[in-house]
1. Given springs between every Cα pair under 10 Å in a Gaussian network model of the chain, which of Thr311, Thr133, Thr253 has the largest fluctuation?
2. Comparing Asp155, Asp363, Asp190, which has the greatest mean-square fluctuation in the GNM of the chain with Cα pairs linked when under 10 Å apart?
3. Just subtract the alpha-carbon distance of Ile34 and Asp256 from 0.36 nm times their residue separation and send over the number in nm, one decimal.
4. Cross-link list Lys5/Lys306; Lys135/Lys356; Lys110/Lys153; Lys135/Lys332: which exceed 27 angstrom alpha carbon to alpha carbon?
5. Starting from the Cα of Thr133, step 7 Å along the direction of its Cβ; do the same at Arg185; then give the gap between the two resulting points in nm.
6. About the Cα centre, and with charges only on the beta carbon of Lys, Arg (+1) and Asp, Glu (-1), how big is the dipole of the chain? Nearest 20 debye, please.
7. By the scheme Lys and Arg +1, Asp and Glu -1, what is the net charge of all other residues having a beta-carbon under 12 Å from that of Lys177?
8. Quick one: Karplus J couplings for segment 213-218, per residue in order, coefficients 6.51, -1.76, 1.60, θ = phi - 60°, nearest Hz, x for Gly and Pro?
Amino acid sequence: MFKIKSEQKTDYTYLGLFAGAGGLELGFELAGFIHTESNEILDYAVDTLQNNRPNWHIVHADVREYTPSFRKGLDVLLAGFPCQGFSLGGNRDEEDERNTLYREVIRIAKTMQPRVIAMENVLNLRTMQHPETGKPFAQQISDELNASGYTTKFDFFRVSEHGVPQTRRRFIFIAYKAETLEHFRFPKADKDTTIKNFLFELGQDLTIDLPNHHPAWGFKSYAHTETGEKFDETQFAIPVRLSGTASEGNPITGFDSPFPAIDTATVWGWAVGNVIANRIDKDRENAMYVRNPNSTAKLWRIKASKIRPFTATEYARIQTFPDDWIFYGSNKRELQLQIGNAVPVIFAKRIAMKVKQALEVLDGQSKSLIEEGEQMTLF
């Protein structure tokens with residue numbers, strides 16, 4: 001069973017906005033912070049939070065109508081505000097109304113006056129322009145935080161260099177009261193994390209009993225083919241991309257590198273025996289699910305003796321959720337939305353550890369920061 005080491009509890013508190021399935025919140029809890037309250041609008045994500053942490057206070061509401069009940073002495077305000085309007089996998093629409101929900105974070109910060117604000121989003125905040133000012137969203141958000149009395153540091157990260165076995169890139173803001181946390185430093189990149197220790201065993205042994213994990217061969221698809229051909233039973237199952245698209249890159253993935261960035265739409269799975277990946281020309285006049293009839297892109301197709309899709313637990317492993325974190329929802333789509341939109345837990349813990357270290361120095365509990373790049377035991 002995959003677990004993550006929990007650090008010694010501190011007196012430092014945090015409150016979470018846009019909590020989703022709880023990746024950011026869980027990372028801070030594992031770093032020793034005390035949960036006070038979280039806000040989330042999606043009912044199935046609220047179910048996930050409440051069932052995994054019955055002692056957490058979860059407020060099920062639109063953030064625009066949310067007023068925290070916890071007010072006194074908050075240390076850290078967390079916010080993984082919606083990324084769909086910014087993301088390469090979304091609309092990249094400057095006018096998407098969700099793009100300005102970061103202002104709800106600032107509104108609540110003005111009320112609660114947390115010592116630190118930690119916000120997470122996608123890389124496109126560096127370049128997408130704010131429709132009101134023409135500035136990149138990252139700079140606009142930083143300017144608005146500054147106007148509210150906070151100094152901001154922001155940077156982007158390839159999470160495979162921070163303990164997570166995928167190439168996903170994330171953008172992090174750390175805001176603090178002017179000059180109080182100038183010594184804060186983001187974690188330094190390590191070598192890439194490969195997927196082998198996270199995923200290999202689940203692909204080879206279908207008898208492993210875990211929550212959200214009910215693997216079975218027999219993938220039904222208009223695009224990919226499970227042939228049923230005989231094969232050497234000692235062969236390893238290998239991860240493959242099962243989306244019926246013209247995605248770049250070979251859809252067959254190895255174990256000795258990070259996994260491609262998972263999202264809320266791409267389907268991944270396992271194949272074993274006589275595995276072949278070919279690119280074909282699609283009949284764009286008569287075929288099903290034609291999105292762009294003018295496209296000439298070739299489409300990837302997989303053939304193998306056996307094929308199955310990833311379970312929710314396998315997606316969650318790539319996002320470094322521990323196996324005992326159970327996801328709730330009425331269908332696979334709701335589970336994948338929660339997992340794909342989450343902050344990888346180990347990465348969240350690394351950010352949380354740096355915030356905690358900076359607060360401890362500020363409060364005289366530690367004489368110096370851990371040097372950038374010093375290894376921490378994460379799991």
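1. Looking only at Thr311, Thr133, Thr253, the biggest GNM fluctuation is shown by Thr133.
2. Looking only at Asp155, Asp363, Asp190, the largest GNM fluctuation is found for Asp363.
3. Values: separation 222, 0.36 × 222 = 79.92 nm, distance 3.63 nm.
Fully extending the segment from Ile34 to Asp256 adds 76.3 nm.
4. Lys5/Lys306; Lys135/Lys356; Lys135/Lys332
5. With each label placed 7 Å out from Cα toward Cβ, I get 2.9 nm.
6. 440 debye
7. -2
8. 9, 9, x, 7, 5, x
Bear in mind these aren't lab numbers, they're just calculated from the coordinates by the rules spelled out. Predicted model, so just to flag it, every value in this text is computed and none were measured. Don't worry about glycine lacking a Cβ; one is built from the backbone with ideal geometry, like all the others, and counts go over all protein chains shown.
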